[in-house]
Amino acid sequence: MPSPNKKKRKALFNILQDHLGRNLPFVVYKKPGAQNLTALLQSDKSLDTTLDFKRPGFVMAPFDAGSGGSSLVFLRPDAHYYCKYKPAKHPTLLADPIPNQVGREIHLELVAEALKDIGADMLQKVVASRRFSVPFTADILNTAYGMMQAYPNAFTYLFHHPGAGTWMGATPELLLKSNAGLGETLALAGTRAADPTLEKHSWTAKERFEQQVVTDFIVDQMRAMALEPQMGPVTNIQAGKLWHLGTAIRAPLPMDKAGALLQALHPTPAVCGLPRDKAHSFIRENENYSREYYTGFLGEIGIEQPEDFSTYVNLRCIQIRNGRAFIYVGGGITADSDAEAEWEETQQKSTTVLSFLENSRKPIG
């Protein structure tokens, strides 16, 4: 006989299936380490593009507002559900990267252009990304739940709005959260394949530089707003098959500064580069697609407590559109980058997202 929790999950996903069938906005998500799934449903198709931290809801913001027709979306929680979360009993089926010779050549050219500008002292760092697609015929909700089960320590979500499309992901990167007036962010950068012996080995100078650039940027932005950041130690953070370097940064955060700090931090050097304006221009001019909501941010506002919020960078994500899953991956380019190694890094990052699809046939349970 199914357990009460399993029945409740199935009932919730039936409600979400009905909402999706009627093309109404909703989000279902799980915060890192949480014991519950949260679902917020909007009762009409209206598009709200204002984030003011005065109303509860869920925000989905693009990398570059106005580019490619993408705008910030604020989802109104007309209905609000919780149900118990159950991690997978067995390890997720890890996918292999998909060979793509044409995509490889395009990405190598993009990295070469970035290295040229870095060598000319126009850029210190820039994030080069790419998009590819695979057929998608699976059930969207089953796919999302399998992803949530497989990545308990990530922020996992499925978001749908007729004004923004259908997105899902499992991101390891906190952008900014506030709990009881204490703000916290995470300086995350550097990538390598997960290795249980990593603690015994040194990260490369390139990887440590990438992470320090992000840390310095965040600290400078906070101090410019008269906040007093306190940094934790640099730690290894695992996300699926990958390790990253991360530094937690905390500071008292008055609510009247929350919106301004979020705007100052986004996009961080971890997803854009430095100097930020020049890196942003490079991305617009040289990437052959619009990122839309990839490397934007998303998260809940005032759901648990009126002045609490948590937002995450939209990494390791896919967009479902017209029977295809569009997959987004990228990496930071610095003077020490090797173009072939950067291609391989994006291939490794794609395995997390491809794993969502490999496990999409599992029933909700």
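The values are calculated or read from the model by the stated rules, or taken from the named source; none is laboratory data. Computed from a prediction, not measured in an experiment: that's the story for all the values here. Here the Cβ is made from the backbone with ideal geometry for all residues, glycine too, and neighbour counts use every protein chain on show. To get the accessible areas, we keep the full protein, side chains included, count just its heavy atoms, and leave off ligands, DNA and RNA. Shrake-Rupley method; radii C 1.70, N 1.55, O 1.52, S 1.80 Å.
Being surrounded by fewer than 14 Cβ atoms within 10 Å (Cβ to Cβ) and small (Gly, Ala, Ser) is a property that holds for Ala193. When His160 is tested against (1) at pLDDT 95 or above; (2) open to solvent by 10 Å² or more (accessible area, probe 1.4 Å); (3) within 18 Å of Pro32 (Cβ to Cβ), only condition (3) is not met.
Restricting to segment 19-37, name every residue that is open to solvent by 10 Å² or more (accessible area, probe 1.4 Å) and within 21 Å of Gly169 (Cα to Cα).
Listed by number, the residues that qualify are His19, Leu20, Gly21, Asn23, Leu24, Lys31, Pro32, Gly33, Ala34, Gln35, Asn36.
Screening Val329 against (1) hydrophobic (A, V, I, L, M, F, W, C); (2) in a strand (DSSP E or B); (3) touching a Leu at 6+ places or on another chain (Cβ under 8 Å) leaves a single unmet condition, (3).
Within segment 27-71, the set of residues being among the aliphatic types (A, V, I, L, M), touching a Gly at 6+ places or on another chain (Cβ under 9 Å) and in a strand (DSSP E or B) comprises Leu40, Val59, Met60, Ala61. Is it fair to say Leu108 is open to solvent by less than 20 Å² (accessible area, probe 1.4 Å) and either more than 25 Å from Gln238 (Cβ to Cβ) or touching a helix residue (DSSP H, G or I) at 6+ places or on another chain (Cβ under 6 Å) (or both)? No; evaluated as a whole, the condition is false for this residue. The residue that is farthest from Phe26 (Cα to Cα), counting only those in segment 269-290 that are in a loop (DSSP other than H, G, I, E, B) and open to solvent by less than 10 Å² (accessible area, probe 1.4 Å), is Pro269.
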